[in-house]
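First comes the structure, then the notes that go with it.
What follows draws every value from the coordinates through simple rules; no lab data is involved. It should be emphasised that the depicted structure is a prediction, and the values quoted were computed from it without experimental measurement. Ideal geometry is used to build each Cβ from the backbone, glycine not excepted, and the neighbour counts take in all protein chains shown.
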Amino acid sequence: MRVTIQQLGAGDRAAALDDLGDPALLHRAAGTDEDSDLCLFERSDDYSAVAFWYQTTPTRVAPLPSPADRVRDLASAIHPGQ
């Protein structure tokens, strides 16, 4: 069996230690040496979702709004009051 793991966080080792507290959660970033300040860490704020749509007959769907329109209020929805 072959498994690929994607580590999603990267940053300064000292800052990551301040946030995470446990050096066992930090990993050396690919392409860096042992003394590098850059590290990788697993994040607890990573979310993903998937949706499946099964439709038996072709149906016209209204066009999507532009990308700019779709993300216009995204920041305020995630961080209200900022």
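Order of R72, R60 from fewest to most other C-beta atoms within 10 Å?
Placing the least packed residue first, the sequence is R60, R72.
Tabulate in residue order the Karplus-calculated ³J(HN,Hα) for the range 27-36, using 6.51 cos²θ - 1.76 cosθ + 1.60 with θ = phi - 60°, rounded to whole Hz; enter x for Gly and Pro.
Listing the rounded values in order: 10, 5, 5, 4, x, 10, 8, 4, 8, 5 Hz.
If amide hydrogens are placed 1.01 Å from N in the peptide plane, which non-local residues have theirs closer than 5 Å to the one on A29?
L40
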